Amino acid sequence: MKLYYMTGACPLASQIVLEWIGTPYELQLVERTALRNPEFLALNPVGSVPVLVDGSLTLTQNPAIVEYLLEKHPETGLHGKTPEERAEVRRWLSFCNSDLHRTFSMIFGAASYSEDPAVQNILTQKSVDRVQFLFGVADKNLEGKQYQAGNRSIADPYLYTILRWAKAKQVDFSDKPNLSAFFDRMDADAGVQAALKKQGLA
Ligand SMILES: N[C@@H](CCC(=O)N[C@@H](CS)C(=O)NCC(=O)O)C(=O)O
């Protein structure tokens, strides 16, 4: 298997799942400037990472990738045992991919929405406010739990990846004790550290 990634970006979520399932994989770094090259667009017409290539399958979108990996390795137990438990995993995976990630993209890339610095500042601040609100939802969900869906699941690496961005962008979540404890727990995980090391981040 080969995972196309940019350093520290959302493919880290898929890579941590690769570490957790313990399958051999190859990493392929993609420079941001290469995302619009015809060769890369042939892999992912959206022009974004991650891309997972496994034999004849070329798969994009983190949620699809981590579910695929899990289906190949159900013995890892990174999903719920019942339809209700699996629904919880998917709910928090969607929350990370659709709500948190989408909003965080504006913090990274307000300049692609407006050339006016004043507008960029407003977009960034509004997005920080929204991310803080969503972090509050995540913190409440984690009350009394170690992981988002109760047991460790394919949803957790995505939240961890976004919390790393928050630290890099000074989006403070130290006032959210459950979220802070979740970050520390994930950060201490051997698979997480292995993934970070392979990206040169640890
Ligand atoms: N919904 C996509 C999001 C992918 C995405 O936005 N990837 C970012 C990196 S975190 C990217 O490649 N952005 C391309 C760009 O910035 O031009 C997924 O889950 O895979």
query = Taking N as the number of residues in the chain, what is its Cα Rg relative to 2.2 N^0.38 Å?
reply = 1.02
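Where both residues lie in the chain, what percent of DSSP beta bridges are antiparallel, nearest 5? Numbers along the way, then the final one.
Details: 9 of 13 bridges.
DSSP beta bridges in the chain are roughly 70 percent antiparallel.
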note = Rg from C-alpha atoms of the stretch 83-189, normalised by the globular rule of thumb 2.2 N^0.38 Å, equals 1.11
note = Cα extents of the stretch 5-44 per principal axis, largest first, Å, are 32, 18, 13
query = Which three extents, in whole angstrom, do the alpha-carbon atoms of the stretch 130-202 cover along their principal axes, largest first?
reply = 32, 29, 16
request  = For the stretch 88-131, evaluate the Debye formula with one uniform point scatterer on each Cα (no solvent term) and list log10 I(q)/I(0) at q = 0.15, 0.33 Å⁻¹, rounded to two decimals.
outcome  = -0.40, -1.05
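Would you be so kind as to identify all helices of the chain, as entire DSSP H runs, whose Cα atoms reach 30 Å or more along the helix's own axis and whose mean Kyte-Doolittle hydropathy is at least -0.5?
Details: long enough: 117-141 (36 Å, -0.09).
Flagged H segments are 117-141.
Tell me, rounded to the nearest percent, the portion of alpha carbon pairs in the stretch 38-104 spaced more than 15 Å apart.
Values: 1364 of 2211 pairs.
Tail of the P(r) past 15 Å holds 62 percent of the pairs.
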query = For the stretch 1-112, what size does the Cα cloud have along each of its three principal axes, sorted from largest down, in whole Å?
reply = 42, 33, 21
request  = Could you check which residue among V49, V30, V192 shows the biggest mean-square fluctuation in a GNM of the chain with a 10 Å Cα cutoff?
outcome  = V30
inquiry  = Can you tell me the convex hull volume per residue for the stretch 40-79, based on C-alpha atoms, in Å³ to the nearest whole number?
reply    = 61 Å³
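Read-outs throughout are calculated quantities, based only on the coordinates presented, and are distinct from any laboratory measurement. Keep in mind it's a predicted model, so treat the numbers as computed, not measured.
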